[in-house]
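The values are calculated or read from the model by the stated rules, or taken from the named source; none is laboratory data. Here the structure is a predicted model, which means the values were calculated and not measured. In this analysis, Cβ positions are derived from the backbone assuming ideal geometry, glycine residues included, and neighbour counts consider all displayed protein chains. Surface areas here come from the heavy atoms of the whole protein model, side chains and all, with no ligands, DNA or RNA. Shrake-Rupley method; radii C 1.70, N 1.55, O 1.52, S 1.80 Å.
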Amino acid sequence: MHITDAFDSGNIDVLDAAQPDRIRLEIRKDNGSDFYQWFHFRVTGAHGTPLTMAIENAGGAAYLEGWPGYRACASYDRETWFRVDTTYENGVLSLHHTPQADTIWFAYFAPYSMERHLDLIAWAQGHADVRLNVLGNTLDGQSMDLLSVGEPGDGKRTIWVTARQHPGETMAEWWMEGFLARLLDDQDPVARVLRDKAVFNIVPNMNPDGSKRGHLRTNAKGVNLNREWNKATPENSPEVFHVLNRMRETGIDLALDVHGDEALPYNFIAGGEGAPNFDAKGQTLLDGYKAALSVASPDFQTAHGYDVDAPGTADLSICTNYLANEFRCLAMTLEMPFKDNADLPDEEQGWSPERCRKLGAANLDAMLALVDQLR
Ligand code: ZN
């Protein structure tokens, strides 16, 4: 049997693979940090053989609430990802599966490679209204890609959408595929009207280095980008530094930052309520967006989510809080589950790339409902 993680976004250390029913594995930490939870590896040579793969350091992972009720993702063709039997006991996460092909891939969630990212931006730039710009380099020398849709004009609002500050939250870039596909669909009336009313600045992947390295949460040097917004530097967090510089040039009327949550089996939005400059208008816009998205997609809900910060107590190193405060705009963090949406569960796939895309597309309805109210 052969197990490897030597590819884009791979992450596993093999301790012992001599016995198929007691394979011993560990997840590697993000470089320069203690975070880990993302895994992605390939197993060859176990066709028809029952496998038990124990991730022995799961009990030290970043979000332990992420394991109960979680089922790992697997694929034979790297396109369709299904869930496999998974147990969590005594700090060990065990995957149980009998492969029906020579090679099978396993991952924490359906992976989104940097090659696929390059395909996405290459496709998007084919639309006449799209400009593709590189804002700067990451620490590993990759490009910080910005897709701009439309030109600023009289009364046009400015909408920013960012995804995958946390690279292991691959659902965020699957979401981007659905969002961009609809936004750039010239037959879609919602997209056409929105593009008349607003320009879009879109960063489909805020953390290319962490993505390629198979990190859960940080960039190449172990920095959590979503704790850098009030202190970004070219040395530690060029990804945030460059994006924020462009945001200051364009201004912001609406900012949406897309993430995944390890623990909660729901889609939800966290706002900037705790930002010192958050006011009644901000609350009205936030409530309006959540209500409109609930109508647009039954996969979105407002009953479950994070606790709301008390007024004035927000951590301004977090993107949404910083932007809500600095730009006095509607700023939101959209969270999707690693597990499934418990309100509409899918036994076969759980929360999946296809469902991320549909939620991404549905956000255009919410944006259209709010766009005229944006200050
Ligand atoms: Zn996140």
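Taking a ≥ b ≥ c as the square roots of the eigenvalues of the Cα gyration tensor, an a/c ratio of 1.5 or more together with a/b no larger than b/c marks region 232-293 as oblate.
Against the longest alpha carbon principal axis of the chain, how many degrees, from 0 to 90 and to the nearest 10, is the axis of helix 353-370 turned? Long axis of 353-370 versus the principal axis of the chain: about 10 degrees. Highest mean packing comes first when the peptides 263-275, 179-191 are listed by Cβ atoms within 10 Å, giving 263-275, 179-191. Does region 219-375 come out rounded, prolate or oblate by the C-alpha gyration tensor, with a ≥ b ≥ c the root eigenvalues, rounded set by a/c under 1.5 and, if not, prolate when a/b is larger than b/c and oblate if not? It is oblate, given that a/c is not under 1.5 and a/b is not larger than b/c. Electrostatic tally near Leu374: other residues with Cβ closer than 13 Å to its Cβ, Lys and Arg +1, Asp and Glu -1, net +4.
Per-residue 3J(HN,Hα) values for region 213-229, derived from phi via the Karplus relation 6.51 cos²θ - 1.76 cosθ + 1.60 with θ = phi - 60°, read 6, x, 7, 7, 9, 10, 7, 4, 9, x, 9, 7, 4, 7, 10, 10, 5 Hz in sequence order (x marks Gly and Pro). Dipole orientation for the chain: of the candidates Pro204, Ala54, Gly305, Pro204 has the Cα lying most toward the positive pole (charges on Cβ; Lys, Arg +1; Asp, Glu -1).
Computed from Cα positions, the angle between helix 114-124 and the longest principal axis of the chain comes to roughly 30 degrees. Solvent-accessible surface (1.4 Å probe) assigned to Arg131 amounts to roughly 110 Å². One equal scatterer on each Cα of the chain, no solvent, Debye formula: the resulting log10 I(q)/I(0) at q = 0.09, 0.10 Å⁻¹ is -0.49, -0.61. Taking amide H positions as modeled 1.01 Å from N, with prolines and chain starts lacking one, the residues under 5 Å from Ala163 and 5 or more places away or on another chain are Val203, Asn205, Met206, Val258. Across every direction, the projection of the convex hull enclosing the Cα atoms of region 91-233 has a mean area of 12.3 nm². Pairs of Cα atoms nearer than 8 Å and 6+ residues apart set the relative contact order; for the chain it is 18 percent. Relative to the dominant Cα principal axis of the chain, helix 171-183 is inclined by about 40°. Give me the dipole magnitude in Debye, nearest 20, for the chain about the Cα centre, with unit charges on the beta carbon: positive for Lys and Arg, negative for Asp and Glu. Computed charge dipole of the chain: roughly 600 debye. By the scheme Lys and Arg +1, Asp and Glu -1, what is the net charge of all other residues having a beta-carbon under 9 Å from that of Ala54? Summing Lys/Arg as +1 and Asp/Glu as -1 gives +1.
Projected onto planes of every orientation and averaged, the convex hull of the alpha-carbon atoms in region 2-107 covers 6.4 nm².
Mind scanning Lys281/Lys339; Lys290/Lys358; Lys221/Lys358; Lys290/Lys339 and naming the pairs with a C-alpha gap bigger than 28 Å?
Lys281/Lys339; Lys221/Lys358
The Rg/Rh ratio for region 173-224, using Cα coordinates for both the radius of gyration and the Kirkwood hydrodynamic radius, is 1.17. Under conditions of 20 °C and 1.002 mPa s, region 52-162 yields 120 µm² s⁻¹ as its translational diffusion coefficient, taking Rh as the Kirkwood radius over Cα pairs in the Stokes-Einstein equation.
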